[in-house]
Amino acid sequence: SWLPHIRMPGYMALYRTTEEFATYSQKREGIWMEVGDRRVRPFRHWYRLEYQAVEPDAPDDVLSDLEREEQRIKVASFTPNVEWDARDDPFNPHRGWFASASLEYAFPALQAEAQFLKAQTSFSFYRPVRTGGLAVGLRLGAIQPLGEDTGEPENLQVPLGTRFFAGGRVSHRAFKTDMLGIPDQTLDEDGQPTGGNAMVLVNMELRRPIWGALSAAIFVDGGNVWASPSLVR
C-alpha cells in the first residue's frame, strides 16, 4: 500500500518459517516493514525494518555465545538497500550490468540483544560474444560484531543465521552447498561449516547455446569464507 505523505510504496509482512541448511536448521518468525519501490529502473532504493525471533538447532560449538545462553534469540535490525539495474532482461540477461549494496544494523530494542553491522555488495556484468555470452560476477560481504567482546572468534560472536556461507551451484561450484571454508577457522574439526564474518566470491562463465533451451557453459569460480574481515587473504 502507498504510505501517506511519503511518495513511495510501503509493505509489511508477518512470517513464520522452518529453514533447513547443510549442517543446521532453524525456526524463524517475525515481522518486517519496507518502504521503497523495487520496480523502478535503473536506480532503486528501499529501507527495511525487521524484528524476528530465531531458534537454531545446531551443535553448541557453532552457536554464538548469545544463542548458547538463550535458545530463542531476538534480532531487531534496520537495512537500507540500493540497486542499479542496467540489464536487458532481469531473468535471462545477455548484456548490461547489475550492482547492489546493503547495510544491516542490528541493535538492542524490545528485548533484542544481537548487535552487529553487516555489509553486502555485488556486481555482475553480461556481454554477448561470438560463441554465446559472457557473465562475470563479484560478491563481497563483511560482518562486524558490536556487542561485548566474548573472547571468541568474531564469527562466533554473531548469530549463526547471520553469518556467510558459500559453496553450491549458485555460489562456488567446486564445493557442496555451504561447504566452502577454511579448516579451524570457518570449518570445524570434522570439516563442517560454522559460517564466517567475511566472504569474497568471483564467478566467470562463458555460455554457448547448443539447441533450443539447451546450452553449455565453461566456468571458473573462486573465493572463500573467513572468520573475520581482518583474516581475508
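The values are calculated or read from the model by the stated rules, or taken from the named source; none is laboratory data. The structure presented is a predicted model; accordingly, all values stated were derived computationally and were not measured. All Cβ positions, even for glycine, are placed from backbone atoms using ideal geometry, and neighbour counts span all protein chains on display. Protein only, heavy atoms only, side chains kept; ligands, DNA and RNA dropped before computing areas. Shrake-Rupley method; radii C 1.70, N 1.55, O 1.52, S 1.80 Å.
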**Report entry** Per-region count, region 103-144, residues closer than 20 Å to Gln71 by Cβ and either among the aromatic types (Phe, Trp, Tyr) or in contact with a helix residue (DSSP H, G or I) (Cβ under 7 Å, 6 or more places away or on another chain) (or both)
**Finding:** 3
**Report entry** Test: Glu34 is of a type outside the set (A, V, I, L, M), crowded, with 16+ Cβ neighbours inside 10 Å, modelled with pLDDT of 85 or more and in contact with a Gly (Cβ under 8 Å, 6 or more places away or on another chain)
**Finding:** yes
Query raised in the report: How about region 81-115: which of its residues are among the small types (Gly, Ala, Ser) and surrounded by 14 or more Cβ atoms within 10 Å (Cβ to Cβ)?
Result: Ala86, Gly96, Ala99, Ser100, Ala101, Ser102, Ala106, Ala112, Ala114
Report task. From Leu140, Leu201, Leu156, Leu180, grab the single residue that is in contact with a Ser or Thr (Cβ under 9 Å, 6 or more places away or on another chain), assigned to a helix (DSSP H, G or I) and crowded, with 16+ Cβ neighbours inside 10 Å. Result -> Leu156
Report summary line: Picking from Arg208, Arg233, the residue that is farther than 16 Å from Val62 by Cβ and either free of Cβ contacts under 8 Å to residues at least 12 places away in the same chain or within 21 Å of the chain's Cα centre (by Cα) (or both) would be Arg233
Query raised in the report: For Ala166, which of the numbered conditions (1) open to solvent by 30 Å² or more (accessible area, probe 1.4 Å); (2) in contact with a strand residue (DSSP E or B) (Cβ under 8 Å, 6 or more places away or on another chain); (3) in a loop (DSSP other than H, G, I, E, B); (4) of a type in the set (A, V, I, L, M) fails to hold?
Result: (1)
Query raised in the report: Does Gln120 satisfy the criteria of being at positive phi and without any contact (Cβ under 8 Å) to a residue 60 or more places away in the chain?
Result: no
Report summary line: Restricting region 143-153 to residues that are over 23 Å from Glu20 (Cβ atoms) and either part of a strand (DSSP E or B) or among the β-branched types (Val, Ile, Thr) (or both), the one most open to solvent (accessible area, probe 1.4 Å) turns out to be Gln144
